[in-house]
Amino acid sequence: MKISSVRASRFLALLPLAAAVSMLSACSSAPPLFSSDGRPTNMITCPTNGGWSNCQENARALCSGSYDVLDQSSDNGQNNLLIACRAK
């Protein structure tokens, strides 16, 4: 096997990894958000045609119960609920 073919095969072996890293970095462009008291926050999105109950159910499931609503908005047919789970 020639040295150039070894380099080419190594390059081709690393190509999918490089593509995956590139795609993941594009998805995580924003830093995690925290509430004023340091708790991590979550943005829950649900369709507006279901009202807020679907978002609230998802928040309760995510937090295993209680949570604080930090912000809520409706935009482009979506309800957005920014929450922070309460300590258990």
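Observations on the model:
- Qualifying residues in the range 35-69 (those that are of a type in the set (A, V, I, L, M, F, W, C) and more than 18 Å from LYS88 (Cα to Cα)) - the one surrounded by the most Cβ atoms within 10 Å (Cβ to Cβ): CYS55
- Residue match in the range 26-35 (condition: modelled with pLDDT under 65, assigned to a helix (DSSP H, G or I) and not basic (Lys, Arg)): yes
- Among the residues of the range 73-88, those identified as loosely packed, with under 14 Cβ neighbours inside 10 Å and outside any loop (DSSP other than H, G, I, E, B) are SER73, SER74, ASP75, GLN78.
The values are calculated or read from the model by the stated rules, or taken from the named source; none is laboratory data. Source: prediction; values computed, not measured. All Cβ positions, even for glycine, are placed from backbone atoms using ideal geometry, and neighbour counts span all protein chains on display.
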